[in-house]
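Structure record follows, encoded as structure tokens.
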Amino acid sequence: MSLAAIDWNSLFGSVFVFDNYGELLSLLRNSVWAGAVLGLVGGLVGTFVMMRDLAFSVHGIAELSFAGAAAALLIGADVVTGSLVGSVLAALIMGFMGLRAREGNSFVGVLMPFGLGLGILFLSLYEGRSSNKFSLLTGQIVSVSSLQLTSMIVLSVVVLATLLVVWRPLTFASTDPLVAQAKGLPMRSLAIVFMVVLGISVAMSVQIVGALLVLALLITPAAAAMNLTSSPARTVVLSVVFAELAMVGGILLALGGNVPISPYVTTISFAVWLVSRCVRAVRERSSSYRRTTTPRSTTTLGTGGVVQNRTRTAAGSTLSEAGSGPSRSPSP
């Protein structure tokens, strides 16, 4: 199909449809609140994910969460519970193994296709509506009921309370693990606690953005924040702001479209990261330019150093001559 054959009006009309938008917004306000809750949790947890270099682990946990949700869908159980069990189980396995970075990436690479294969197997055996299968992978906003919103708020409170309790030692262990271990911090316990928190966050995110695109919520906002600042406090604030912008903005756009929520969320999230990366590049270039154009003070210092050395040499020779005078023996 050529580009000329594409009906761009109908294409944009399916992506951006705002007919009866006010009625849809009032009917799906639970989805908006759910997105706001996920933005807060994702922004906070994502900061520690980036600090601990666990981006690949997030994807592995998401695949096991998808497998658990698919298994629950197959047996007629609660999908949220199945997703939570799968993600927490994967997080506990990773936390207890306590592998090194290279071994951990290998383990996640082995676990991820296994979980994805299990999920596809369960979905192929499921004989219900195909929309339920599709929503596990790409997300769904119209299925957030009051009960699901309440459960998400409760889980979010648990995650936030746990982070507040372990915030300082977890930050220390994430930024400088060798020194933290030397200070006697319980590194294994902190890793397990955080992995459980991460598993709960992934399980909540899968309900909205789907298992395949959960990285757009837990990775991209924090990565964009780190492009703009090196301050831990500012990184957390910016990460939450960017996650809220992606989630709430994506949901508000998805309410007026005929496509799933995930393309909107991922596009906004990527656009924020791209702008932050450009800002970082401009800052680095300007900083490098200032370093190269600033006149060096080494010439003056070097000249002064030479003068000082000459002065010290002359003084040393004078002292040497003065000190050697008395020791000379009179000539016969």
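The values are calculated or read from the model by the stated rules, or taken from the named source; none is laboratory data. Being a predicted model, the structure only gives us computed values, none of them experimental. Heavy atoms of the whole protein, side chains included, go into the accessibility calculation; ligands, DNA and RNA do not. Shrake-Rupley method; radii C 1.70, N 1.55, O 1.52, S 1.80 Å.
Under a 1.4 Å probe, what is the accessible area of the range 21-280 per residue, stated in Å²?
45
How large is the translational diffusion coefficient of the range 165-259 in µm² per second when you combine the Kirkwood radius over alpha carbon pairs with Stokes-Einstein at 20 °C and 1.002 mPa s?
Value of D from the Cα-based Kirkwood radius: 141 µm²/s.
For the full complex of protein chains and a 1.4 angstrom probe, list Ile120, Ile200, Ile208, Ile93 by accessible area with the highest value first.
Ile120, Ile93, Ile200, Ile208
If you stretched the chain out fully between Asp53 and Ser124, how much longer would it get, using 0.36 nm times the residue separation minus the C-alpha to C-alpha distance?
Extending this stretch completely gives an extra 22.2 nm.
Kindly sort Asp176, Asp53 by accessible area of their heavy atoms, largest first, with the probe set to 1.4 Å.
My answer, sorted largest first, is Asp53, Asp176.
Once you have the Cα-Cα distance between Leu252 and Ile153, take 0.36 nm times their residue separation minus that, and quote the gain in nm to one decimal.
So the extension gain works out to 33.7 nm.
How would Arg283, Arg291, Arg168 line up by accessible area, probe 1.4 Å, largest first?
Largest accessible area first, the residues go Arg168, Arg291, Arg283.
Roughly how many Å² of Ser146 are accessible to a 1.4 Å probe, to the nearest 10?
80
For the range 21-280, evaluate the Debye formula with one uniform point scatterer on each Cα (no solvent term) and list log10 I(q)/I(0) at q = 0.12 Å⁻¹, rounded to two decimals.
Treating every Cα as an identical point scatterer, log10 I(q)/I(0) equals -0.67.
Express in Å², to the nearest 10, the accessible area of Val85 obtained by rolling a 1.4 Å probe over the protein heavy atoms while all chains stay in place.
Rounded to the nearest 10, the figure is 90 Å².
Give the carbon-plus-sulfur fraction of the accessible surface of the range 21-280 in %, rounded to a whole number; probe 1.4 Å, heavy atoms of protein chains only.
Carbon plus sulfur share of accessible area: 70 percent.
Amide H neighbours of Val144 under 5 Å, at least 5 residues apart or on other chains, H built in the peptide plane: list them.
Residues meeting the amide H criterion: none.
Ignoring everything but the protein chains, give the 1.4 Å probe accessible area of Tyr126 in square angstrom, nearest 10.
Ignoring ligands and nucleic acids, Tyr126 comes out at about 40 Å².
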